[in-house]
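Step one of this worksheet: look at the structure below.
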Amino acid sequence: MIMERWRATYRLLKYSTFRSFSNYNNSRTFSSERIGSTSCRIQGRSFSSVATTVQRNPLFSSINSDDISYFKDILGDRGVVQDELALVAANTDWMHKYKGSSKLLLQPRSTEEVSQILKYCNSRSLAVVPQGGNTGLVGGSVPVFDEVIINLGSMNKILSFDKVSGILVCEAGCILENLITFLDIQGFIMPLDLGAKGSCQIGGNVSTNAGGLRLLRYGSLHGSVLGLEAVLANGTVLDMLGTLRKDNTGYDLKHLFIGSEGSLGIVTKVSILTPPKLSSVNTAFLACNDYASCQNLLLEAKKKLGEILSAFEFLDSDAMGLVLKHLDGVRNPLPPSVHNFYILIETTGSNESFDRENLEAFLLHSVESGLVTDGVLAQDINQASSFWHIREGLPEALMKAGAVYKYDLSLPLEKMYDLVEEMRAQLDPKAKVVAYGHLGDGNLHLNISAPEYDDKILAKIEPFVYEWTSKNRGSISAEHGLGLMKANKIHYSKSPETVQLMFSIKKLLDPNGILNPYKVLPSTLFS
């Protein structure tokens, strides 16, 4: 133990010369194998052995030639896509878990066009699915059956940016990475950062209340989004695109649309508060012997780093082993062994000298107290990027390893890793339980990796994982949403009275149920 502490102290001192940096390696993949047993039935579709079969709503109409002609009149030929190859991509989620059978994709270029589309679809009882970058993980952004796909990608203009207030107003189809690049030039950053930033769109981020890597520092989109514009199912445009930090006039309705996954309305514009880009960014990659040390390290980081703490991520030894095996060019930052737990800490501040000294003092104290058994501080942007590549590359590594069952959970910190250990005891050795996530905000990404998809494995995972989460007063969806995957599981996190009120709101805003049907709420409510 003494040698380990000396070794960690040596690393921390060796790499104590920092340079400022702000951009990280954006690494992800969009290739995967099919998950679960997906079978079409008469007016029904089943997505796994434990899922309730979804029946197509018989009240919904099917597309005909008159509909196509109407949409072409509004959007022109370019905005009406019927090409089979393009539709295959739009019908399939990026994990290839869910696949719809839509024959039509519409590409509006303005809020008015979205309004006309929805007004017509509502009158014809044509179901629709709003789609952005299609990077979701729960089947929320693809059709279940033949719903009309409304893709917002052509609505990608930045409308205004105020440097004094830091308020950005843009259309929903803006790609997150493009907004990050734009703001970087202005000396600001997005309060949101995701591994899928190269493809995901801000409208989809808002509609799913995406979390990501900066939530610890900047909070959720419920706090960052100042206003939005949304189109209801009947075509009514709700202009809530305020840019005020304070507005206490009546109900704050924008929050209904943040996280509702396009089931209440289609978000078309967003007003968001962006923080200034700070000059001092430091990153450390640390090893801990046990999960209790990870928790205590987080507590100490909050106390001693305070306002400069911007990220606190964790992964276990199985996660690290998977990355080292399946991601090209990745090296173990703390050779030669693989440790039980790893922590990635980032600080962001405005005083480079002070921040560096503060972080170094905290890390050296953590080594001396035994919380950290080994560690390294990034000496430049390339090393920092390599650390983040390990964390952000985990989904890619899991996909390359074979079949993967993914669960996104919020849990009390002291209970979080108990679930991982109990899941390992629940499963056969051929199924590897891999854990990582945002420890700073209590978000566990629980992944079960197996050579191939197997209903026997799935039956041991579900409903166990949901029951365990509910028993410990957690949430079955921390940041991915409910989509189709968890719509019928909402009762594990919400009371019957709460779900019923959600359904009442849905019926009020979308009485015909055309907006993203079969998602978010249990199908039994619509029977």
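The values are calculated or read from the model by the stated rules, or taken from the named source; none is laboratory data. What you see is a predicted model; the values in this text were computed from it and never measured. Positions of Cβ are backbone-derived with ideal geometry, glycine not excepted, and every protein chain shown enters the neighbour counts. Heavy atoms of the whole protein, side chains included, go into the accessibility calculation; ligands, DNA and RNA do not. Shrake-Rupley method; radii C 1.70, N 1.55, O 1.52, S 1.80 Å.
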> Per the helix-only calculation at 222 nm, which mean residue ellipticity applies to the chain, given -39500 (n - 2.57) for every DSSP H run of n ≥ 4 and division by its residues, nearest 500 deg cm²/dmol?
Replying inline: -10000 deg cm²/dmol
>> In whole Hz and in residue order, list the ³J(HN,Hα) couplings for region 64-80 that follow from phi through the Karplus curve 6.51 cos²θ - 1.76 cosθ + 1.60, θ = phi - 60°; x for Gly and Pro.
In response: 10, 5, 5, 4, 4, 4, 5, 5, 5, 5, 7, 9, x, 4, 5, x, 10
> Which of 231, 158, 189 sits farthest toward the positive end of the charge dipole of region 158-273, with +1 on the Cβ of Lys and Arg and -1 on the Cβ of Asp and Glu?
Replying inline: 189
> For region 336-438, what is the largest minus smallest coordinate of the Cα atoms on each principal axis, given in angstrom and ordered from greatest to least?
Replying inline: 50, 31, 29
> Residue by residue through region 154-170, which ³J(HN,Hα) values in whole Hz follow from phi under the Karplus form 6.51 cos²θ - 1.76 cosθ + 1.60 (θ = phi - 60°), with glycine and proline marked x?
Replying inline: 7, 9, 10, 8, 8, 8, 6, 8, 9, 5, 5, 8, x, 9, 10, 10, 8
> In whole Å and largest first, what semi-axes does the C-alpha gyration tensor of region 207-358 yield when each eigenvalue is scaled by 5 and square-rooted?
Replying inline: 39, 21, 13
> Just going by the charge dipole of the chain, with Lys and Arg at +1 and Asp and Glu at -1 on Cβ, which of 495, 287, 524 is farthest out on the positive end?
Replying inline: 524
> What accessible area per residue comes out for region 158-273, rounded to a whole number of Å², with a 1.4 Å probe?
Replying inline: 38 Å²
> Using only the Cα atoms, what convex hull volume per residue in Å³ does region 371-427 have?
Replying inline: 151 Å³
>> Report, in listed order, any pair from 269/507; 97/119; 254/486; 119/507 with a Cα-Cα distance greater than 20 Å.
In response: 269/507; 97/119; 254/486
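Counting Lys and Arg as +1 and Asp and Glu as -1, each charge on the Cβ, what is the dipole of the chain about the Cα centre in debye, to the nearest 20? Show your work: numbers first, answer last.
Values: 51 positive and 55 negative charges, 75 e Å.
The dipole magnitude comes to about 360 debye.
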>> Leaving out ligands and nucleic acids, and using a 1.4 Å probe, what accessible area per residue does region 359-419 come to in Å²?
In response: 27 Å²
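Mind checking the dipole of region 355-448: about its Cα centre, +1 per Lys or Arg Cβ, -1 per Asp or Glu Cβ, Debye to the nearest 20?
On the way: 8 positive and 15 negative charges, 110 e Å.
Taking the Cα centre of region 355-448 as origin, the dipole is about 520 debye.
Kirkwood Rh over Cα pairs of region 285-346 into Stokes-Einstein at 20 °C, 1.002 mPa s: D in µm²/s? Provide the component values of the computation, followed by the final result.
Values: Rh = 12.5 Å.
This corresponds to a translational diffusion coefficient of 172 µm²/s.
How compact is region 108-217 by the rule of thumb for globular proteins, expressed as Cα Rg over 2.2 N^0.38 Å?
On the way: Rg = 15.3 Å, N = 110, 2.2 N^0.38 = 13.1 Å.
Expressed relative to 2.2 N^0.38 Å, the Cα Rg reads 1.17.
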> From largest to smallest, what semi-axes in whole angstrom does region 311-359 give when each is the square root of 5 times an eigenvalue of its alpha carbon gyration tensor?
Replying inline: 27, 11, 10
> Counting only residues 5 or more places away or on other chains, whose amide H sits under 5 Å from the amide H of residue 228 once H atoms are built in the peptide plane?
Replying inline: 240, 241, 242, 271
>> Can you return the lysines within cross-link range of residue 325? Criterion is Cα-Cα under 23 Å, with same-chain partners fewer than 8 residues away left out.
In response: 400, 406, 430, 432
> At a probe size of 1.4 Å, how large is the accessible area of residue 291, to the nearest 10 Å²?
Replying inline: 20 Å²
> Mind listing the phi-derived Karplus ³J(HN,Hα) values for region 182-197, rounded to whole Hz, using 6.51, -1.76 and 1.60 with θ = phi - 60°, and x for any glycine or proline?
Replying inline: 4, 5, 4, 5, 7, x, 10, 9, 6, x, 10, 9, 10, x, 8, 4
>> With +1 assigned to the C-beta of every Lys and Arg and -1 to the C-beta of every Asp and Glu, and no other charges, what is the dipole magnitude of region 46-151 about the Cα centre in debye, to the nearest 20?
In response: 240 debye
>> Which log10 I(q)/I(0) values does region 379-515 give at q = 0.22 Å⁻¹ under the Debye formula, counting every alpha carbon as one identical point scatterer?
In response: -1.35
>> If packing is taken as the average number of other Cβ atoms within 10 Å across a peptide's residues, how do 331-337, 264-270 rank, most packed first?
In response: 264-270, 331-337
> Hey, any idea what % of region 158-273's accessible area is carbon plus sulfur with a 1.4 Å probe?
Replying inline: 53 percent
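Based on the alpha carbons, how large is the Rg to Rh ratio for the chain when Rh follows Kirkwood?
For the chain, the value is 0.97.
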>> Considering the Cα positions of region 438-527, please state its Rg to one decimal place and its Dmax as a whole number of Å.
In response: 15.2, 46
> For region 46-151, with every protein chain kept in place, what is the accessible area per residue (1.4 Å probe, Å²)?
Replying inline: 40 Å²
>> Give me the net charge for the shell around residue 526: Cβ to Cβ below 12 angstrom, other residues only, Lys and Arg +1, Asp and Glu -1.
In response: +3
>> With a 1.4 Å probe and all protein chains left in place, how much of the accessible area of region 46-151 comes from carbon and sulfur atoms, in whole percent?
In response: 50 percent
> Considering amide H positions built from the backbone, and no H for Pro or chain starts, which residues 5 or more places from residue 166, or on another chain, come under 5 Å of its amide H?
Replying inline: none
> When the accessible area of region 431-527 is computed with all protein chains present and a 1.4 Å probe, what percentage of it is carbon and sulfur?
Replying inline: 56 percent
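Find the all-direction average of the projected area of the Cα convex hull for region 158-273, expressing the result in square nanometres with one decimal place. Can you show the working numbers first?
Numbers: hull surface 28.1 nm².
With every direction weighted equally, the projected area is 7.0 nm².
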> Any idea what log10 I(q)/I(0) is at q = 0.22 Å⁻¹ for region 46-151, Debye with uniform C-alpha scatterers and no solvent?
Replying inline: -1.24
> Got a sec? Charge dipole of region 329-434, +1 on Cβ for Lys and Arg, -1 for Asp and Glu; which of 425, 330, 385 is way out at the positive end?
Replying inline: 425
